[in-house]
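Comments concern the structure below.
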Amino acid sequence: MDRDEIISRRLEKAEQLQQKGISPYKKVFSRTHTNSFLLENWEKLAETQIAAAGRIKAIRTHGKAVFADLIDETSKIQLYIKQDIIGDEKFEDLALLDIGDIIGVNGKVFKTRRGEVSVLVDDYIILTKTLRDLPEKFHGLRDSELRNRQRYLDLIANPEVKEKFHLRIKIIQYIRNFLTERGFLEVETPMMQPIPGGALARPFCTHHNALDIDLYLRVAPELYLKRLVVGGFEKIFEINRNFRNEGVSTRHNPEFTMLELYQAYADYNHMMELTEEMLHGAAHQLLGAATIEYQGTELDFARPWKRITWLDTLKEFGGITLNPDASEAQLAQICQQKNIPCEQGETKGKILDRLFKELVEPNLIQPTFVIDYPTEISPLARQRDDDPLLTERFELYINSFEVANAFSELTDPVEQEKRFLHQEELRRQGETEAHAIDHDFLTALEHGMPPTGGLGIGIDRLVMIFTNSTSIRDVIFFPLLRPVE
């Protein structure tokens with residue numbers, strides 16, 4: 001049966017319901033219990049009149065009785081509908097129901113002779129008549145493109161997908177509670193910004209008609225959160241969206257969720273401790289263990305985690321002893337020796353980043369803090385007191401994913417201006433991801449920012465690991481997709 005025929009038949013059934021004075025689209029239904037509560041507490045509720053609601057998953061007719069499976073957000077429960085209980089007319093109207101229709105039922109819970117908790121229905125009401133067939137009649141929706149494009153069908157057809165998103169929600173709730181219990185305040189900062197700042201990334205541009213100015217969807221909330229630290233908020237965080245005009249891959253979506261936090265009178269060592277404690281606790285509380293299996297690899301979140309300097313990772317995994325003051329030509333020569341593509345005229349920062357991605361990232365499987373990044377690729381981080389070519393910065397890697405990025409924040413406005421000017425020169429040379437100069441932020445720093453540690457965690461990548469997902473699309477409700485032609 002093709003789609004048009006299915007819709008036509010279901011429209012006919014909706015019309016028949018209306019002719020009987022039954023609206024196929026009700027306004028409200030007073031549900032007393034969820035399905036999971038009924039399943040878990042059926043003995044206590046055996047003599048209680050209950051009301052349940054959900055979507056019909058299956059219908060089985062046996063003479064003067066009908067068995068149906070009803071699903072809600074929490075679980076599936078069996079309905080037992082008898083003609084002699086609901087009456088001839090209501091029993092006859094069951095023929096106007098289809099799999100996927102949403103109904104409400106009244107009755108009592110009991111356990112069948114086969115041991116299945118069920119609802120003995122004494123009345124039912126049609127709440128929503130569906131016009132389209134559900135995918136493969138609930139046997140599963142497997143086409144990944146269709147699943148991402150029509151997430152609502154994915155959630156209906158694949159219960160494990162709903163469980164994955166429930167875990168995503170719990171992870172965010174855990175992080176929010178963890179930080180709140182430690183005195184952090186949740187704040188909100190602008191999504192549209194006159195200057196794209198806080199990260200080395202290409203922004204999306206938009207235009208505000210009333211003010212006749214170009215604005216940018218934020219690539220990071222960093223510079224606004226730091227303004228709040230200048231203003232006296234000493235422990236703050238934000239969980240919200242960032243937007244970066246970059247490619248789409250299994251680890252990248254142009255719109256993604258980040259946790260970003262700042263703590264005054266702290267440094268990147270405090271941020272490492274906080275990160276370890278938070279993610280180790282999340283694994284224990286949400287998954288019940290300090291180890292997580294990800295695509296056949298056991299990831300051990302037991303503390304303490306490995307810490308290794310950025311330069312030492314190149315030595316350990318690439319056999320390179322690198323001077324952070326090396327020139328572009330010297331770095332290009334190293335790339336050539338290691339058979340790593342390097343385009344002529346690439347900036348030093350680009351080459352440093354490529355060396356790390358090619359030689360180091362694939363080897364960082366267990367939770368690992370890579371610390372002390374070159375200043376060249378860390379324009380917002382505080383330099384090390386013993387070596388101005390390196391910064392007090394770390395990135396956390398798990399299963400070769402960059403999951404977190406953190407600094408001892410640069411609070412010197414003169415040095416910050418120098419870094420911005422260097423980034424501006426890179427922009428003039430064609431580096432589209434270089435940092436723009438934010439003069440208002442410099443003004444804020446000139447009013448004094450206390451020593452501060454900052455941390456950003458990619459929520460989507462963290463959820464990928466916790467849910468054993470191979471693609472970031474699988475943990476974002478509605479990932480960006482190419483329009484259907």
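The values are calculated or read from the model by the stated rules, or taken from the named source; none is laboratory data. Note that this is a predicted model, so its numbers are computed, not measured. Glycine gets a Cβ as well: all are built from the backbone with ideal geometry, and neighbour counts include every protein chain shown. Just the protein is used for accessible areas: all its heavy atoms, side chains included, with ligands, DNA and RNA removed. Shrake-Rupley method; radii C 1.70, N 1.55, O 1.52, S 1.80 Å.
General remarks:
- Extended-chain gain in nm, criterion 0.36 nm per residue less alpha-carbon gap, MET191 and ALA51: 46.1 nm
- Relative contact order (percent, whole number), the chain, Cα cutoff 8 Å, 6+ residue spacing: 13 percent
- Beta bridges per DSSP with both ends in the chain, % antiparallel, nearest 5: 90 percent
- Look at the dipole of the chain built from charges on Cβ: of ALA329, ALA53, ILE213, the Cα furthest out on the positive end belongs to ALA53.
- Matching label, Rg/Rh (Cα atoms, Kirkwood Rh) computed from the structure shown, candidates [x] 1.08; [y] 1.05; [z] 0.99: [x]
- Pairs from the table (LYS26/LYS64; LYS108/LYS164; LYS13/LYS57; LYS26/LYS129; LYS13/LYS108) lying more than 21 angstrom apart at Cα are LYS26/LYS64; LYS108/LYS164; LYS13/LYS108.
- Selection from GLY458, LEU481, ALA406 lying farthest towards where the dipole of segment 399-485 points positive, charges on Cβ: LEU481
- Spacing of the two label points (7 Å from each Cα toward its C-beta) at GLN333 and LYS111, in nm: 7.9 nm
- Positive-end residue of HIS62, GLN19, LEU39, charge dipole of the chain with Cβ unit charges: HIS62
- In the chain, the calculated helix contribution to ellipticity at 222 nm averages -9500 deg cm²/dmol per residue, counting -39,500 (n - 2.57) for every DSSP H run with n ≥ 4.
- With both residues required to sit in segment 1-139, DSSP beta bridges show an antiparallel share near 90%.
- When the surface is traced with a 1.4 Å probe over the full set of protein chains, CYS205 keeps roughly 80 Å² accessible.
- The chain, dipole about Cα centre (Lys/Arg Cβ +1, Asp/Glu Cβ -1), debye to the nearest 20: 2000 debye
- Inter-label distance for ASN363 and LEU286, nm, one decimal - labels placed 7 Å from Cα along Cα-to-Cβ: 3.0 nm
- 14 Å beta-carbon shell around CYS335, net charge (K/R +1, D/E -1): 0
- Rounded to the nearest 20, the size of the Cβ-charge dipole of segment 21-134 about its Cα centre is 200 debye, with Lys and Arg at +1 and Asp and Glu at -1.
- Listed by chain and number, the lysines placed with their C-alpha closer than 21 angstrom to that of LYS235 are LYS226; residues fewer than eight positions away on the same chain are left out.
- Gain on full stretching of the segment that runs from ARG482 to ASP212 - 0.36 nm per residue minus C-alpha separation: 94.2 nm
- Surface accessible to a 1.4 Å probe, ILE102 within the full protein complex, Å²: 50 Å²
- Residue-normalised accessible area of the chain, given per residue in Å² at a 1.4 Å probe: 49 Å²
- Estimated inter-spin distance, GLU298 and ARG176, nm [label 7 Å along Cα→Cβ]: 3.5 nm
- About the centre of its Cα atoms, segment 408-485 shows a dipole size close to 380 debye [charges on the beta carbon of Lys, Arg (+1) and Asp, Glu (-1) only; nearest 20 debye].
- Heavy atoms of PHE256 accessible to a 1.4 Å probe, total area in Å² rounded to 10: 30 Å²
- The residues packed around ASP4, meaning those with a beta-carbon under 14 Å from its beta-carbon, carry a net charge of 0 if Lys and Arg are +1 and Asp and Glu are -1.
- Computed from the C-beta positions of ARG132 and GLU316, the FRET efficiency with R₀ = 51 Å rounds to 0.35.
- Measuring r between the beta carbons of SER30 and GLU402 and using R0 = 51 Å, the FRET efficiency lands at 0.55.
- Heavy-atom SASA rank of TRP310, TRP42 (probe 1.4 Å, accessible area, largest first): TRP42, TRP310
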